[in-house]
Every structure is written in structure tokens, then in C-alpha cells.
Amino acid sequence: MLNQPVRLDLLSFSRIIANWPENTAAHQRARLLEAMKVRGGVTTLEAVRFLDIVDPRARIVELRKEDYRIETSWARQPSECGRLHYVGLYTLVSNRGSFVVLKGASALHRGSVRQMMLAF
């Protein structure tokens, strides 16, 4: 199924980056999960441009290995040159159970580390 061009809401991306500031694979996966939850989905171009994930496909594969059900569909989105391209749109369908993302206010290293805890 082909979707309409995806709208951009840069403020939501900024908030997600602020919640998961490190460049580790774990924080990149957390950024993708939060973007899919908050925005209803995230494209490969958005993940690269606005979530600072160089290869979102690898993070999606890792999330799927953790039993998250992530659907891939197609969306039209402009490149940096302004030309429309069909790109992958990742949507969180379900996962291995209900989950809750908890971001501790008093995390290690004076708040620089955010931890994601899954509650089943």
C-alpha cells in the first residue's frame, strides 16, 4: 500500500532526540520506538535526517529480533533536492506484550543516560 506524502513535525523529533541523546545502538532503537509510538510511524529518511540514525534498517532488524512487530510500507517523501521518492515507512504494529517506556529522572551520570524498561 502506498501512502500519501508524510508530514513533518520537527518538534516531535527534537523531543525524541532529547529523550535519547546518546549515539548507541540501544538509544537509536529507543528513538525509533518512540517515533513510531508518538508519530504513528517513521520513514527511513526521517530516521536518518531527524533521529540521527545512519542506517535505520539495522535498528529495525534488531527490534524485530526483540519480537517487536514492525510493518514496512511505502511513503512518498522529498529528498534533500526536493524530488519525491518512495521510502520505507516503519509502523509499530505490536510487540511481544504490552510495554511501558519509563525515563528515570535520576538516571546514571546525572541524567545523561535514559533507560528504557519494558514491563510485561
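The values are calculated or read from the model by the stated rules, or taken from the named source; none is laboratory data. Note that the structure is a prediction, hence the values are computed from the model and not measured. Note: ideal-geometry Cβ built from the backbone for every residue, glycine included; neighbour counts use all protein chains shown.
The set of residues from region 41-53 being of a type in the set (S, T, N, Q) and either in contact (Cβ under 8 Å) with a residue 60 or more places away in the chain or crowded, with 22+ Cβ neighbours inside 10 Å (or both) comprises just one member, Thr43.
Scanning region 82-93 for residues that are more than 15 Å from Glu46 (Cβ to Cβ) and touching a residue at least 12 places away in the same chain (Cβ under 8 Å) gives a single hit, Val93.
If you go through region 57-81 one residue at a time, how many are of a type in the set (D, E, K, R) and in contact (Cβ under 8 Å) with a residue 40 or more places away in the chain? Qualifying residue count for the region: 1.
Run down Val38, Val6, Val100 and say which single residue is in contact with a Leu (Cβ under 9 Å, 6 or more places away or on another chain), surrounded by fewer than 16 Cβ atoms within 10 Å (Cβ to Cβ) and at pLDDT below 95. Spell out the reasoning first.
Working: Val38 fails: in contact with a Leu (Cβ under 9 Å, 6 or more places away or on another chain); Val6 fails: surrounded by fewer than 16 Cβ atoms within 10 Å (Cβ to Cβ).
One residue alone meets the criteria, Val100.
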